[in-house]
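Only one structure is covered here, and it is reproduced in the block below.
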Amino acid sequence: MSPYLAPFRVSEAAETLYRRILRSSRSDVATHAAELGWTLEEVTTALQSLIAIRLVRETTDHQVVVEHPRAALERLIDSEEARLDSRRRELSEARNAIAQFAADHRVGQSDSTATRRPAWEEVSAQLAPSLVEHTIRITSGVIRTSVVRVDVGPGLDDDTYRTAQAAVAAGREQRALYPLSALEDPASQRWMRGWSDVGEQQRVTDSPPSEFAVFGDEVVLAVASWHDPTSDFVVIRDEMLVSAFTTMFDLAWSVALPVPDASVETDADRRLLTLLAGGLKDEAIARYLGWGVRTVRRRVANLMADLGADTRFQLGVAAQRRGLIGAARGGVGPGVPTG
């Protein structure tokens, strides 16, 4: 017989007794001992381990009463899984510290007398989710995230996702730059709506700088291979580098576009002219507006004809003179970072 209850530190003898109790009508300890051919001491010892984890109980008149196994074992499994999850988080945090300890060791083994920590530490992609979760808890301030691809990254981990969403829902400010291509993918759109619903500020750009997150003014987690979201990660705590990443993000944010709101009626031609003035290519404009590239080019040609322009540069000048750029309802012009 397989020791199914071994994960709960129940012996094979105790499991045999448990199965016997489940199959029997209410009986006392002596009856179970007689039917199993065990001594009273053997039954009592096995019974105590079952009582300890509340699978059975003994009444005042020494009758053995059993709870329905589904409820009892589900309770035990839930408790054990919670304990394992807690232990797993503790071990993940300890593993995340390996890089710091290794850096200290390198300093100790170096011939140099310098004691400054390295500018960054390498972290595997497998450990990145728990590191993000831990960093959210120990930092404060704005979280800035630059996303190259929505379908990969530590944010997809369930525990990390719940921790991050809870922080934003509780009031922590989070700004996210997404690629324009995300507007074409239904799964990416659902992901963005899920974050927008809890309060994330979102903008889109034709090409985000790279895949990274800046936590306040304390920590940066960035892909080790620039612009490759499938690579491993580096953790950066150097004050100057954190500031550099923050500045890079804010510059990209200032020229990025707000996520289109289909519920807001806007003048399509004014939106198109504003995007052209922002330097976006036809393909990027098509992604942003949800049009085909041919539609963009056709409408540009119509605008050139309407405004008497022979080139796109002349179109921009004519549109500017007539006040057609940058004032569309719903706002498609670049914004300015606020802090």
Legend entry - Total residues in segment 185-210, condition outside any helix (DSSP H, G or I) and open to solvent by less than 20 Å² (accessible area, probe 1.4 Å): 4
Legend entry - Residues of segment 288-323 satisfying the condition of being open to solvent by 60 Å² or more (accessible area, probe 1.4 Å), under 36 Å from the mean Cα position of the chain (by Cα) and not hydrophobic (A, V, I, L, M, F, W, C): G290
Inset, instruction - Check T59 against each of (1) surrounded by 12 or more Cβ atoms within 10 Å (Cβ to Cβ); (2) of a type in the set (V, I, T); (3) more than 14 Å from L5 (Cα to Cα) and name the one condition it does not meet. - result: (1)
Inset, instruction - Out of the residues in segment 257-296 that are of a type in the set (D, E, K, R) and part of a loop (DSSP other than H, G, I, E, B), state the one that is modelled with the highest pLDDT. - result: K281
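To keep it simple, each residue is scored yes or no on (1) surrounded by 11 or more Cβ atoms within 10 Å (Cβ to Cβ); (2) in a helix (DSSP H, G or I); (3) of a type in the set (K, R); (4) modelled with pLDDT of 75 or more.
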position: S49; (1), (2), (3), (4): yes, yes, no, yes
position: R70; (1), (2), (3), (4): no, yes, yes, yes
position: E74; (1), (2), (3), (4): yes, yes, no, yes
position: A82; (1), (2), (3), (4): no, yes, no, yes
position: S86; (1), (2), (3), (4): no, yes, no, yes
position: Q100; (1), (2), (3), (4): yes, yes, no, no
Inset, instruction - Output the residue which, of all residues in segment 139-184 that are at pLDDT below 90 and farther than 20 Å from D232 by Cα, is surrounded by the fewest Cβ atoms within 10 Å (Cβ to Cβ). - result: E184
Legend entry - Condition met for S92 (surrounded by 16 or more Cβ atoms within 10 Å (Cβ to Cβ) and polar (S, T, N, Q)): yes
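The values are calculated or read from the model by the stated rules, or taken from the named source; none is laboratory data. Since we're looking at a predicted model, the values are computed, not measured. Cβ sites come from the backbone with ideal geometry, for glycine too, and all protein chains shown count toward neighbours. For the accessible areas, the whole protein counts, side chains as well, though only heavy atoms, and no ligand, DNA or RNA atoms are used. Shrake-Rupley method; radii C 1.70, N 1.55, O 1.52, S 1.80 Å.
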